[in-house]
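Here's the structure, in structure tokens; my notes come after.
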Amino acid sequence: MAKRAFETHYDRLRNNGVSRRDFLKFCSMTAAWLGLAPALATNIAHALETKPRLPVIWIEGLSCTCCTESFIRSSHPLAKDIILNMISLDYNDTLMAAAGFQAQDAFENAVLANAGNYILAVEGNAPFGNDGMYCIDGGRPWLRRLEAGAKHAKAVVAWGTCASWGCIQAARPNPTDATPIAHIIHDKPVIKIPGCPPIPEVMSALVSYVVTFDRLPNVDAQGRFAAFYGQHVHDQCVRRAHFDAGEFVEEWDDDGAKKGYCLYKMGCKGPTTYNACPNTRWNDGVSYPIESGHPCLGCSEQDFFDQGSFYSRIKDIPTLGTMATAEAVAAGVAGTVAVGVAIHAATSCAFHLHEKKLKEQAVEEAKIEAGVQEENRKDK
Amino acid sequence: MNILDIKPKPGQGVYVYEFPVRAWHWTIAACIFTLFVSGFCIAHPPQSLTGDPTRIFHFGHIIMTHYIAGMILAIAMLCRLVWAFFGNAVSRQIFIVPFWRKSWRDGFVGDIKWYLFINKKPDINMGHNPLAQAAMFLAVLCMFYMCFTGLGVYSAKGYSALSRSFHFMENLAYNLGGNGIDLVLWHRMGMIFLVAFVMIHVYMVIREEIMGRTTMISTMTNGVRMVKATLMQDWRDVRAEAEGREGQAK
Ligand code: SF4
């Protein structure tokens, strides 16, 4: 292998003990996830072998670190460790050994060394309340670090639901005024990869895509990575055949649950959630929540924490100062109208009968009058 | 002469609802009924079945029914909108409410008084009475709203040109701070209005048929609005007239 002035992704993978066979498997897998033609897997492999590595700087704001946690546990059965190595993090608060001033320097060095050509992966979001005092990093509001990191980045990846939509810390009443990244960074492309946590493979696919095609991937109208967020969970779900058949889990642990029936009645949010869980799956591709028997929470959707119960698809809506389900409101309105109609109908009947009586009386009177007139005429 | 200004004598009628209007009315009536029932089943699926899902497609059929009825409704609404440009004055009434006209407002107040039993005699309208016109205008708006929210939910499932043109509904939900589930919620909320409308509409039509001075149900069937020959309320007129004559004679 010819020595190059720069390091490629392939070099790094080989240095970390990934076999070429696994590398090629990873390339095929990625091409499939991205929806590319099978032949393009060779393009990906070629690009990863010959082009300079795409550095990723990973910063973490107001978040629970579940994204990183999930990330370091990710590994596909075909290519253990490949994903973590693919990302070739140049800076990550949680994973790196450095701390304190050393870490600060590491951040600044990583930004300067890769200026204009790294991807800034942002986990968590920035609280705006009290001038950003709810998230302090290196003695300053974390917002400053986000701005510094984004300034020289090629693109910003909003990694996870926190960064994409706001997630739990932005749920009502959002005391810290937590704000998603796309509302803060306007001068750089922001690619949303929502999920709580998001699927790690999406990141390696993103890096592969950028290296191979020298451009950012397509995003949908909401800025999400279109290849992974183009379909509802429901439309890829392993239990979908049961849904179409009308075979549902009625309660936990009933017969249907044991047979793996659809979790629609248990409040599954799959029908309105965009994510790729059923295709990529989790934990070495073992399973994903629905497959394991729990309804989808819709964690990759905006505002998912404010949608009422996790175990109901019917959203709560504010009603007269309390929260009621849409269903209860519907029943209330329909009931009120029905009662109103019944009362009005009863009154109308009474009114009608009264009018009828008046009319009959009038007719009677007219008859009598006519009779009297007739008699008068006869008399004359 | 504007069809709305014709004042037929008792026992006479005017052809007010042209065929496309009547066809549209009964089409959407059937669609809405189907949509209510299938929509309720989608929100509250029937008792779970068991069996080989390769061969069973029951819930799929329910959803399919909802989709097909919804599509027919949407097309019917579109056709009706187009017909308003070609039809008679009555066909435009449900799209334009002339609230700026004094006569319309007076009629509106008069209708409310009639329904509150204050007026003993309803007005004769060849088209819709002003109160009904306002309600139908809202119902038509609601129907379009249901078509848009429904197609918005539907569009998330596909990439056809039709689907893509309704993706904006879902984006609207996102831009308002929610997600696709809000679209489903909005669709349900619209349904509440339609249920209320249908209940009141059916009640009012039956009531008018019995107590009003013109035909209603047959009008939507054969298109002719008759002024009833024997008007119950008219005895008041006859009597008032007779009393007036008597007074003059004296
Ligand atoms: S389990 Fe959820 S996502 Fe899967 S088919 Fe049923 S409703 Fe859809």
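The values are calculated or read from the model by the stated rules, or taken from the named source; none is laboratory data. Remember, it's a predicted structure, so these values are computed and weren't measured experimentally. Cβ sites come from the backbone with ideal geometry, for glycine too, and all protein chains shown count toward neighbours. When the accessible area is computed, the model is the full protein with side chains, heavy atoms only, and any ligands, DNA or RNA have been set aside. Shrake-Rupley method; radii C 1.70, N 1.55, O 1.52, S 1.80 Å.
Pairs of lysines 8 or more apart, or on different chains, with alpha carbons under 17 Å: count those in the range A:9-213, would you?
Eligible lysine pairs with Cα atoms under 17 Å apart amount to 5.
If you roll a 1.4 Å probe over the heavy atoms of the protein chains, what accessible area per residue do you get for the range B:18-221, in Å²? Write down the numbers at each step before the final one.
Details: 9930 Å² over 204 residues.
For the range B:18-221, the solvent-accessible area averages 49 Å² per residue.
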About the Cα centre of the range A:103-207, what is the dipole size in debye to 20, counting +1 per Lys and Arg Cβ and -1 per Asp and Glu Cβ, all else neutral?
180
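May I ask which of A:357/A:378; B:7/B:120; A:269/B:157; B:9/B:121 have a Cα-Cα span longer than 24 Å here? Working shown, then result.
Values: A:357/A:378 31 Å; B:7/B:120 20 Å; A:269/B:157 15 Å; B:9/B:121 16 Å.
Table pairs above 24 Å Cα-Cα are A:357/A:378.
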Percent RCO, i.e. relative contact order, over chain A, from Cα pairs under 8 Å lying at least 6 residues apart:
13
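Order B:124, A:368, most accessible first, counting only protein heavy atoms with a 1.4 angstrom probe. Let's see the in-between values first.
Numbers: B:124 50, A:368 105 Å².
Largest accessible area first, the residues go A:368, B:124.
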Note every residue of the range A:272-305 with a reduction of at least 20 square angstrom in accessible area, all protein chains present versus the isolated chain, computed with a 1.4 Å probe, or write none.
A:272, A:274, A:301, A:302, A:303
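Counting only helical runs of four or more DSSP H residues, what would the 222 nm mean residue ellipticity of chain B come to if each run contributes -39,500 (n - 2.57) and the total is spread over all its residues? Walk me through the numbers before you get to the answer.
Numbers: 10 runs with 167 residues, N = 250.
Value at 222 nm, helices only, nearest 500: -22500 deg cm²/dmol.
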Out of all Cα-Cα pairs in chain B, roughly what percent, to the nearest whole number, are more than 31 Å apart?
39
Show that you can apply the helix-only estimate: for chain A, add -39,500 (n - 2.57) for every DSSP H stretch of four or more residues, divide by all residues, and state [θ] at 222 nm to the nearest 500.
-13000 deg cm²/dmol
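Pop out the carbon and sulfur fraction of the accessible area of the protein assembly as shown as a percent, whole number, probe 1.4 Å.
Numbers: 18930 of 30510 Å².
For the protein assembly as shown, the apolar C and S fraction of the accessible surface comes to 62 percent.
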How big is the antiparallel share of DSSP beta bridges in the range A:114-219, given as a percent to the nearest 5?
30
Over the range A:233-335, what is the relative contact order in whole percent, taking alpha-carbon pairs under 8 Å and six or more residues apart?
22
Surface accessible to a 1.4 Å probe, residue B:214 within the full protein complex, Å²
10
Of A:364, A:60, A:251, which is the most mobile in a GNM of chain A whose springs link Cα atoms less than 10 angstrom apart?
A:364
If you restrict to DSSP beta bridges whose two residues both lie in the range A:9-213, what percentage is antiparallel, to the nearest 5?
25
For chain A, built as a Gaussian network whose Cα springs stay under 10 Å, the top-fluctuating residue of A:258, A:154, A:359:
A:359
Of all DSSP beta bridges with both partners in the protein assembly as shown, the antiparallel percent, nearest 5, is 45
Please quote Rg/Rh for the protein assembly as shown to two decimal places, taking the Kirkwood radius as Rh and restricting both calculations to Cα atoms.
1.17
Rank these by accessible area, largest first, 1.4 Å probe: B:7, A:25, A:367.
B:7, A:367, A:25
Could you state the number of Å between the C-alpha centres of the range B:87-116 and the range A:198-228?
57
Once you sort the root eigenvalues of the Cα gyration tensor of the range B:26-168 as a ≥ b ≥ c, which label holds: rounded (a/c under 1.5), prolate (a/b larger than b/c) or oblate (the other case)?
prolate
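Once you keep just the Cα pairs under 8 angstrom separated by 6 or more residues, what percentage relative contact order results for the range B:36-175?
Details: 87 pairs, mean separation 24.1, N = 140.
Once divided by the residue count of the range B:36-175, the mean separation gives 17 percent.
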What order do A:327, A:360 take when sorted by accessible area (1.4 Å probe), most exposed first?
A:360, A:327
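Take peptide B:43-49, look around each residue's Cβ out to 10 angstrom, count Cβ atoms belonging to other protein chains, and average those counts.
Across the residues of B:43-49, the mean count of other-chain Cβ atoms within 10 Å is 6.
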Does any residue of the range A:212-246 lose at least 50 Å² of accessible area with all protein chains in place compared with its chain alone, and if so which ones (probe 1.4 Å)?
A:222, A:244, A:245
What fraction, in whole percent, of alpha-carbon pairs in the range B:151-206 exceed 14 Å separation?
61
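Summed for both chains, how many Å² of accessible area, to the nearest 100, are buried between B and A with a 1.4 Å probe? The partial results should precede the final answer.
Details: alone 15400 and 19790 Å², together 30510 Å².
Counting protein atoms only, the buried area is about 4700 Å².
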